[in-house]
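Student: Okay, handing you the structure first.
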Amino acid sequence: MRLLLVADTHLPKRAKELPAQVWDEVARADVVVHAGDWVDVETLDSLEARSARLIGVYGNNDGPELRKRLPEVARETLDGVRLAVVHETGDAKGRAARCDALYPDVDVLVFGHSHIPWDTVTPGGLRLLNPGSPTDRRRQPFCTYQTAEIRDGRLGEVELHELPRRG
């Protein structure tokens, strides 16, 4: 099972559209995961229409219409892997312990908000993934997203993809 992980798209404020490379990944993915801060409903509609399966949550910049359609936390089991998605996890300091306490029944937690790519494992064994942002790099050198595979009930390699800078 191929996953595409994105967050913090902030359309159309930070970019007019998702990069073509991300849309190519949407077409290849069995599951697209969006960890919030969509900003516009059109992005949700487009991803729903073009994804084989979409799991998404709302973020702090998402208004009432998105909050009506999306949960604050999504939980799914994908081929035996217990996945949760949330927008915010708080400061990096103490994140591992905080997430272990809040998500004891989860194998993988996908989050956003910081626009900073993240891939660690907590002392409790929880895999923490933040794909960064495909449209708003902030202080990062590149806009980013992640892909991953689930095989035989386990999360395989997670790959961080850097997008070319927009001109």
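Student: Full-extension gain between residue 49 and residue 138, please, as 0.36 nm times their residue separation minus the C-alpha to C-alpha distance.
Tutor: 29.2 nm
Student: Around residue 137, with a cut-off of 12 angstrom between Cβ atoms, what is the net charge of the other residues, counting Lys and Arg +1 and Asp and Glu -1?
Tutor: Charge balance near residue 137 sits at +2.
Student: Bin all alpha-carbon pair distances of the chain at 10 Å intervals from 0 and give each bin's fraction as a whole percent.
Tutor: Computed distribution, short to long bins: 11, 44, 37, 9, 0.
Student: I need the phi-derived Karplus couplings for segment 25-31: 6.51 cos²θ - 1.76 cosθ + 1.60, θ = phi - 60°, integer Hz, Gly and Pro marked x.
Tutor: 3J(HN,Hα) across segment 25-31, in whole Hz: 5, 4, 5, 8, 7, 7, 9.
Student: Next question, about the same structure. Check which residues have an amide H placed less than 5 Å from residue 133's amide H, if you skip close sequence neighbours.
Tutor: Residues meeting the criterion, in which the H sits 1.01 Å from N, are 144.
Student: Counting each DSSP H run of 4 or more residues in the chain as -39500 (n - 2.57), what helix-only mean residue ellipticity at 222 nm follows after dividing by all residues, to the nearest 500 deg cm²/dmol?
Tutor: Computed ellipticity for the chain at 222 nm equals -5500 deg cm²/dmol.
Student: May I pose another question? Subtract the Cα-Cα distance of residue 20 and residue 92 from 0.36 nm times their separation in residues, and report this length gain in nm to one decimal.
Tutor: This chain segment gains 22.8 nm when fully extended.
Student: Which length gain, in nm to one decimal place, applies between residue 75 and residue 30 when the Cα-Cα distance is subtracted from 0.36 nm times their residue separation?
Tutor: 14.5 nm
Student: Still on this model: Could you pull out the trypsin sites (Lys or Arg not before Pro) across segment 84-167 that fall in loop regions by DSSP (anything but H, G, I, E, B) with no more than 14 other Cβ atoms inside 10 Å?
Tutor: Within segment 84-167, the qualifying trypsin sites (Lys or Arg not before Pro) (loop, at most 14 other Cβ atoms within 10 Å) are 93, 138, 139, 165, 166.
Student: In the chain, what percentage of the DSSP-assigned beta bridges are antiparallel, given to the nearest 5?
Tutor: Counting only bridges with both partners in the chain, antiparallel ones make up about 60 percent.
Student: Right, here's the next one. Got a sec to turn the phi values of segment 137-144 into Karplus ³J(HN,Hα) couplings, 6.51 cos²θ - 1.76 cosθ + 1.60 with θ = phi - 60°, whole Hz, x for Gly and Pro?
Tutor: 6, 6, 8, 7, x, 9, 6, 9
Student: Please turn the phi angles of segment 66-79 into ³J(HN,Hα) values with the Karplus equation 6.51 cos²θ - 1.76 cosθ + 1.60 (θ = phi - 60°), one per residue in order, whole Hz, x for glycine and proline.
Tutor: Those phi angles translate into 5, 5, 5, 9, 10, x, 6, 10, 10, 10, 9, 10, 10, 6 Hz.
Student: Would you list, by chain and number, the lysines whose Cα falls below 29 Å from the Cα of residue 68, excluding same-chain residues fewer than 8 positions away?
Tutor: Correct list for residue 68: 13, 16.
Student: Taking the radius of gyration and the Kirkwood hydrodynamic radius from Cα positions alone, what is the Rg/Rh ratio for segment 80-167, to two decimal places?
Tutor: 0.99
Student: Find the centroid of the Cα atoms in segment 49-68 and in segment 99-149, then give the distance between the two in whole Å.
Tutor: Value for the Cα centre distance between the two parts: 17 Å.
Each value in this text was obtained by applying a stated rule to the coordinates, not by laboratory testing. Values in this document were obtained by computation on a predicted structure and should not be read as measured data. Glycine also receives a Cβ, built like all others from the backbone with ideal geometry; neighbour counts cover every protein chain displayed.
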